[in-house]
Amino acid sequence: MKMDNIHPTKDSFNFTLSDAFVRFGEQHQMKIIGHCLVWHSQVPAWMFVDDKSNEVTRDELISRMKNHITTIVSRCKGRVHGWDVVNEAIDDNGMYRQTKWYKIIGPEYIELAFKFAHEADPGAELYYNDYNEWQPFNRKAIYNLVKGLKEKGIRVDGIGMQGHISLDSPDLGTYEEAIVRYASLGIKVMITELDMSLLP
């Protein structure tokens, strides 16, 4: 369901793989999570430029993002349990990642993405997903991000902690601190993308 696969050109969507994914989940009584609606990676080149290859305006990019989210979430309404609405908006230094979304729209792009997803399917759960969320500076930034969204009345149902872990890292205590901190916001905390490296 990543953007370059499902929305390859401005005026076309390709639902072949996403429809098959949803059907598979339904056939096997699985809880289906859509990943992901807004991310800085795997975005088709047309998203950020106009017909003359100039960077699009803020209003135009918001319109394109809304169309993308609304089209996909509406198509899956009532069938997909939850969505990773925004993926990896925080950089490794605990600051906002300087993506095209951020540079053209500003930090409000996150708020808008959640708003558009909720409008398209009020029954679906909405998640923020990221990696290294156990690290103290990332933990603080992500906690403040989600707390700020909720204080504005933006619906956020959960945080996905990408589980890219190894045998000796992260420290279990530090990981648990992050889970407890996020859960204090009254939201779900999920381990996503789980993999474990056995290499030193």
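Taking only DSSP H segments of four or more residues, each worth -39500 (n - 2.57), what value at 222 nm results for the chain once the sum is divided by all its residues, to the nearest 500 deg cm²/dmol? For the chain, the value works out to -12500 deg cm²/dmol.
Which one, (1) 28, 25, 15; (2) 27, 21, 17; (3) 30, 18, 15, gives semi-axes √(5λ) of the Cα gyration tensor in Å as derived from the coordinates shown? Identified label for the calculated read-out: (2). At full extension, His164 and Glu55 could sit 35.8 nm farther apart than now, given 0.36 nm per residue minus the alpha carbon distance. Membrane-span-like helices in the chain, defined here as complete DSSP H runs extending at least 27 Å along the helix axis by their C-alpha atoms with mean Kyte-Doolittle hydropathy no lower than 1.6, are absent; this is a sequence and geometry rule, not a statement about a membrane.
Working from label points 7 Å from Cα in the Cα-to-Cβ sense, the Ala183 to Arg97 distance is 2.7 nm. If R0 is taken as 30 Å, the Cβ-Cβ distance between Asn144 and Ser74 corresponds to a FRET efficiency of 0.45.
Values quoted throughout were computed directly from the atomic coordinates according to the rules given, and no laboratory measurement underlies them. Note that the structure is a prediction, hence the values are computed from the model and not measured. Cβ coordinates were reconstructed from backbone atoms using ideal geometry, including for glycine residues, and neighbour counts include every protein chain displayed.
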